[in-house]
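Working notes for the structure below.
The values are calculated or read from the model by the stated rules, or taken from the named source; none is laboratory data. If you're wondering where the values come from, they're calculated on a predicted model, not measured in any experiment. Glycine gets a Cβ as well: all are built from the backbone with ideal geometry, and neighbour counts include every protein chain shown.
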Amino acid sequence: MLSQLRRIVQDVAQEPVLNKALAGLVSNVKRALNTECCSVYLADYQQHFTLMATDGLNPEAVGSISIGFSEGLIGWVGQREEPINLAQAHLHPRFKVTPEVSEEKFSAFLGCPIIHHRKVLGVLTIQQGENRVFSEDEESFLVTLGVQLASVLVNAEMRQSVSQSSTQQKVTGQLQGLPGAPGIAIGEGYVMEPSSDFDDISLRKTDDPEKELSRFYKAVKITKAEFNRLAERMSAHLPADALAIFDVYHQLLEAASLGDEIEAQIHDGWCAKSALKRVVEKFARQFDDMDDPYLRERGTDIRDLGQRVLNHLLDTEQRHHKLPEKVVLVAENVTATMLAEIPRHQLVAIVSLKGSVNSHAAIMARALGIPAVMGLDELPLFHWQEQLLIVDGYRGQILMAPADAILAEYQTLISEDAQLSAQYLSEIHLPAQSACGGRFSLMVNAGLAIDLETSHPSHTDGIGLYRTEYPFIVRTRFPTEAEQVELYKTVLATQPGKGVVMRTLDVGGDKPLPYFPISEENPFLGWRGIRMTLDHPEIFLVQIRAMLRANIGHGNLHILLPMISDLSEVDEALRLIKQASFEVADELEGSEIQLPKAKVGVMVEVPSIMYQLPELARKVDFCSVGTNDLTQYLLAVDRNNPRVASLYDAMHPAVLRALHQLCLQSQALQFPVSICGELAGEPAGVLILAAMGYDKFSMNNSNLAKIKWLLRRVHLSELQLLLPEILACQSPKQVRQHVQRFLDQKHLLNQLRA
Ligand code: PEP
Ligand code: MG
């Protein structure tokens, strides 16, 4: 049952043309359940369900029968949002006669809704002539299928429209994702695929088989050369019978074997990657099903071989696509490495198919000041290549190949945004203070090389968070101590006389190191940040030594420890910092040079540590609140998971109350505190934080001018009046409404597009 279900869903997912996918679906379900009719209806924007495919009803009705959301049994299933199982459908009061579908011969009816994120996408039905209620097994099969199909069918219209674009015709459409970074940009989709797993390849047709064939031959040639090299290198270490595997691989690639099949598939219209996937999976599955353990193993060989050819195919494909003038980078997960590969002046926006509002890809986009849309993984990657795109980072929307009138409208919005930015920037040199003279420290969050290039050191109060993991991520191995010293020196030198808060390596979660993969069920609750580095003192000590050595001659280093959840971690980190200080001081002995003392602080981002603030204040010099993680851990919502994105909100009253208490407590303890999470860079966020009493904020460079401009227009007394209202709110929505009303009263709302 399970494998039948999986196959049915896979077939739908892999067929690029929606109508064909649904036609295949209904026939497969009909066969699997041994019933007489299966149909599928999908919802449209006009509150109708349209019959999209049927095996059993009048095929001519497909595409032309529309049933209102409140009409007939189909509408009833949609309204009730649960299966309806009837022995005599025509006797049900909601039954509506639809002569065009010719269903008089059927009596039994089982309809099941297809629901994605609380939205009914469609209805799946089975029908039979016999007067009987469908069994519980049949019902649960259809329910399970509906659940699995939902994520495949969401954005189905879009899939439908873009699937016709395999011939690169112009198509239009709108996709809804999550707003990752504000702003609007127009550019061309440029896909980057780091992974080359067959599971990630979606099947696609081509209109140029000759070109695909030549790409395939080229990949085979490179793979064969690779085998020759491998065989030669291994010949000294492996016995002759083991080396024979390379001959087998060579033979498999020959035309008479797999090669032949793949060529035939390409002639059939499949692109090279798809043809390879289809053939490799077919043969591998055949071997997997064999009883003989030796032959079963050959399935693995076929996959390995296919994987190598695929890698070379992807390599040539990547080179084949020219970098457009205005790049909208599209990837499953946008990484710092990908960003580093695209010249900054060409990169206009980011689309990350995975991830959510405060994923690090979104934070990087905000740091670069470019819009980002997240969490659009229903549309396979290949659809994005070379597409003209409008990326609306305010609303989390993408418009594909928009009409000229729409393009013109968005161009206007882009120039309005540019005017607003210029307005904010015109005050960047002025003091960061409220209209009544209350002073703030505004610092920048940095880590990407570009942050240092674009920041305005003379107009800010230092670097409030330097994420050291980014320079680690863009390398292919751990940077040496000397490399780190050089890097940190450059960073410290940009801020003479001002503090630079360098955070020790915070990898894990959604920031994996390519050369140190960590595979965990719950990465955000796992081996992340200080937990990993304390387990690897050799990494931690090298980094601390490098920071301390870089600080010689600058004296502005502050060390920040991420992901502290327990005081013992602070003790252990302090012990290692002391050890590293002794080591560096030892090296300096006999010279005139003094080792400056670095302040040490802790990120408050795991809720537990908020309840140990007095102890913490006795151990370290300062703390910095990471609202991104604090929100995720207080609300138990993965910041990287688009499914729960609507629950992830730093404006949640519980988060705000926690932040308020933290502020009061740190004031009572005279424990310096700053905010370095994304909330500080949001207009509404910074106003609420200032109302609570926070006055040190670190944020993305691109937000700084706007935040300074805003703070300069408010009086602290007005904010203090706003605070009780905010703290009494019951939902993030209410909080936002209060702040918006406040901004509106002050005539600031229109000048802060949000
Ligand atoms: C935070 O968690 O708020 C933070 C600033 O750290 P990061 O976003 O890098 O996890
Ligand atoms: Mg964090």
| said: Checking the condition part of a strand (DSSP E or B) and either within 16 Å of ligand 2 (Cβ to nearest atom) or at pLDDT 75 or above (or both), which residue from Ala349, Ala284, Ala264, Ala275 passes? | reply: Ala349
| field | Unique residue being within 32 Å of the chain's Cα centre (by Cα) and modelled with pLDDT under 95 when the list is Ala573, Ala645 | value | Ala645
| message | Any residue that is crowded, with 21+ Cβ neighbours inside 10 Å, outside the structural domain of Ser356 (by TED's automatic domain parsing) and within 11 Å of ligand 1 (Cβ to nearest atom) - is there at least one of those in region 659-671? | response | no
| request: Mind counting the residues in region 698-754 that are of a type outside the set (A, V, I, L, M) and in a loop (DSSP other than H, G, I, E, B)? | output: 9
| Cβ pairs under 6 Å, 6+ apart, first in region 557-575 and at negative phi and of a type in the set (S, T, N, Q), second modelled with pLDDT of 95 or more and within 16 Å of ligand 2 (Cβ to nearest atom) | Ser565/Val606; Ser565/Ser608
| message | Are there strands (runs of 3 or more DSSP E) fully within region 1-81 with at least 3 residues that are among the basic types (Lys, Arg) and within 18 Å of Glu103 (Cα to Cα)? List them. | response | none
| Which residue pairs have Cβ atoms closer than 9 Å, lie 6 or more positions apart in sequence or on different chains, and pair a first residue in region 140-166 that is modelled with pLDDT of 85 or more with a second residue that is of a type outside the set (A, V, I, L, M, F, W, C) and part of a helix (DSSP H, G or I)? | Phe141/Gln4; Gln148/Arg6
| query | Is it fair to say Ala684 is over 30 Å from the mean Cα position of the chain (by Cα), among the small types (Gly, Ala, Ser) and within 15 Å of Thr627 (Cα to Cα)? | reply | no
| Going by the structure shown, is Ala367 touching a residue at least 40 places away in the same chain (Cβ under 8 Å), within 16 Å of ligand 2 (Cβ to nearest atom), part of a helix (DSSP H, G or I) and under 24 Å from Leu448 (Cα atoms)? | yes
| said: Asp571 - would you say it is surrounded by fewer than 22 Cβ atoms within 10 Å (Cβ to Cβ), away from ligand 2 (no atom under 14 Å from the Cβ) and under 20 Å from Gln632 (Cβ atoms)? | reply: no
| said: Could you list, ordered by first residue, the pairs with Cβ atoms under 6 Å in which the first is in region 399-426 and in contact (Cβ under 8 Å) with a residue 12 or more places away in the chain and assigned to a loop (DSSP other than H, G, I, E, B) and the second is of a type in the set (A, V, I, L, M, F, W, C) and surrounded by 15 or more Cβ atoms within 10 Å (Cβ to Cβ), at least 6 apart or interchain? | reply: Ala401/Val171; Ala401/Leu388; Pro402/Ile390
| task | Take region 626-652 and flag every residue that is away from ligand 1 (no atom under 15 Å from the Cβ) and closer than 22 Å to Met699 by Cα. | result | Ala645
| Among the candidates Leu574, Leu567, Leu595, residue that is in the same structural domain as Val625 (by TED's automatic domain parsing) and closer than 14 Å to Thr504 by Cα | Leu574
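Results for (1) surrounded by 15 or more Cβ atoms within 10 Å (Cβ to Cβ); (2) among the β-branched types (Val, Ile, Thr), shown as yes or no for each residue.
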| site | (1), (2) |
| --- | --- |
| His90 | no, no |
| Phe106 | yes, no |
| Leu110 | yes, no |
| Val120 | yes, yes |
| Val123 | yes, yes |
| Glu138 | yes, no |
| Phe141 | yes, no |
| Gln148 | yes, no |
| query | Hey, Gly462 hits all of (1) more than 16 Å from ligand 1 (Cβ to nearest atom); (2) out of contact with any Ser or Thr (no Cβ under 6 Å at 6 or more places or on another chain); (3) assigned by TED's automatic domain parsing to the domain that holds Ile559 but one; which does it fall short on? | reply | (1)
| said: For region 499-517, check the following and say yes or no: at least one residue is in the same structural domain as Arg639 (by TED's automatic domain parsing), free of Cβ contacts under 8 Å to residues at least 40 places away in the same chain and away from ligand 1 (no atom under 16 Å from the Cβ). | reply: yes
